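For reference, the structure discussed in these notes is given below.
The values are calculated or read from the model by the stated rules, or taken from the named source; none is laboratory data. If you're wondering where the values come from, they're calculated on a predicted model, not measured in any experiment. Please note: Cβ atoms are built from the backbone with ideal geometry, for glycine as well, and neighbour counts cover all protein chains shown. Remember, those area values only see protein heavy atoms, side chains included, never the ligands or the DNA or RNA. Shrake-Rupley method; radii C 1.70, N 1.55, O 1.52, S 1.80 Å.
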Amino acid sequence: MDLLSKIDKKNTPEHIAIIMDGNGRWAKKQGHMRLHGHNTGVESVREVLKAAKEMKVKYLTLYAFSTENWNRPKEEVDGLMDLLVRTIAGEADELNNSGVRMLAIGDIDGLPGDCNIELRQAMEKTKQNTDINLVLALNYSARSEIISATKQLAEKVNNGELSVDEISDEVFSNHLTTKGIPDPELLIRTSGEHRISNFLLWQIAYSELHFTPVLWPDFKRDDLYKAVIDYQSRERRFGMVSEQISKSI
Ligand code: IPE
Ligand code: IPE
Ligand code: MG
């Protein structure tokens with residue numbers, strides 16, 4: 001079945017966010033260590049990025065490491081950081097040559113030094129690219145991001161730079177690490193879990209949610225197409241009634 005032909009090219013999401021989950025279970029099923037699952041998951045990232053770019057998606061945000069993930073066994077955390085450094089270092093030129101701009105959200109300064117350096121170099125190298133933005137959520141916590149925005153705003157009110165009445169959705173959004181990035185129209189979570197796990201809480205207010213049982217290392221091009229087809233089958237009402245939506249088309 002040719003899934004791509006079922007996609008309405010004029011109605012692809014501008015921003016897709018993905019909670020890439022299930023690497024550990026995937027590895028366990030094959031009798032391997034969890035890290036083997038993370039390594040294999042990189043293949044899915046490559047394929048999904050390519051497919052998203054071809055569909056003219058402008059932002060692909062991938063949840064790669066949450067602040068809560070520091071609580072995993074040290075061996076796994078070290079392995080993940082090592083994988084991150086190797087992958088970013090190894091892929092930066094290829095990303096640059098294929099028109100990908102790399103961005104990061106989360107507390108990047110809280111990452112180990114070598115990770116931070118590689119990430120910053122890759123962002124610098126690819127900053128002129130415009131085909132697609134690959135946004136990596138690293139050391140990310142939506143609650144911390146919201147608290148940080150709140151503190152920045154409180155500080156500005158304290159200094160007299162901003163009045164309380166001026167705090168709006170837009171002003172608030174501009175103090176998040178996703179500043180300048182449109183909210184995702186579509187959020188995908190793999191591995192059969194139906195939760196958000198502290199990801200983009202503010203930004204997904206009106207996102208369509210797509211949950212799939214597929215484990216991340218098995219998630220390929222066709223799975224992304226299925227998610228987009230599912231998204232396109234929904235009616236996004238934004239609090240209105242169906243008749244108002246059909247009239248505006
Ligand atoms: C997602 O896969 C990757 C990260 C959280 C870094 P998991 O490692 O959470 O895999 P499961 O959920 O244990 O199968
Ligand atoms: C969410 O997955 C974080 C990432 C995908 C990076 P987790 O596996 O950490 O989430 P929980 O613990 O199942 O909620
Ligand atoms: Mg998990």
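Assorted remarks:
- Distance between the C-alpha centres of the stretch 47-100 and the stretch 153-215: 20 Å, rounded to the whole angstrom.
- Using a cutoff of 8 angstrom between alpha carbon atoms and counting only pairs six or more residues apart, the relative contact order for the chain works out to 29 percent.
- Gyration tensor (alpha-carbon) shape descriptor, the stretch 80-199, a/c threshold 1.5: prolate
- Kirkwood Rh and Cα Rg combined as Rg/Rh, the chain: 0.98
- Accessible surface of the stretch 3-235, 1.4 Å probe: 50 percent of it comes from carbon and sulfur atoms.
- For the chain, the longest site-free run once chymotrypsin sites (Phe, Trp or Tyr not before Pro) in DSSP loop states with at most 12 other Cβ atoms within 10 Å are removed: 1-205
- At most 14 other Cβ within 10 Å, DSSP loop - GluC sites (Glu not before Pro), the stretch 147-249: Glu161, Glu193, Glu235
- Close amide H partners of Gly192, meaning residues 5 or more places away or on another chain with modelled amide H under 5 Å apart, are Thr212, Val214.
- Taking amide hydrogens as placed 1.01 Å from N in the peptide plane, the amide H of Leu162 sits under 5 Å from those of Val157, each at least 5 positions away in sequence or on another chain.
- Taking a sphere under 12 Å around the Cβ of Ser98 and counting the other residues whose Cβ falls inside, with K and R at +1 and D and E at -1, yields a net charge of -1.
- A crude spin-label estimate for the pair Asp93 and Lys29, with each label 7 Å from Cα along the Cβ direction, gives 3.6 nm.
- Those trypsin sites (Lys or Arg not before Pro) in the stretch 79-167 that DSSP places in a loop and that have at most 14 other beta carbons within 10 Å: Lys127
- Neighbourhood charge, 14 Å Cβ-Cβ cut-off, centred on Glu124 and excluding it, Lys, Arg +1 and Asp, Glu -1: +2
- Remark: the stretch 3-235 carries a charge dipole of roughly 660 debye about the Cα centre, counting +1 on each Lys and Arg Cβ and -1 on each Asp and Glu Cβ.
- Added length on full extension, which subtracts the Cα-Cα distance from 0.36 nm per residue, Arg46 to Leu209: 56.5 nm
- The GluC sites (Glu not before Pro) of the stretch 8-48 meeting both criteria, a DSSP state outside H, G, I, E and B (loop) and at most 14 other C-beta atoms within 10 angstrom of the site's C-beta, are Glu14.
- 1.4 Å probe accessible area per residue over the stretch 3-235, in Å²: 50
- About the Cα centre, charge dipole magnitude for the stretch 111-157 (Lys/Arg +1, Asp/Glu -1 at Cβ), debye: 180
- Residues in the stretch 50-71 that a label on Leu4 would reach, taking backbone N under 15 Å of a point 7 Å out along Cα→Cβ: 50-57
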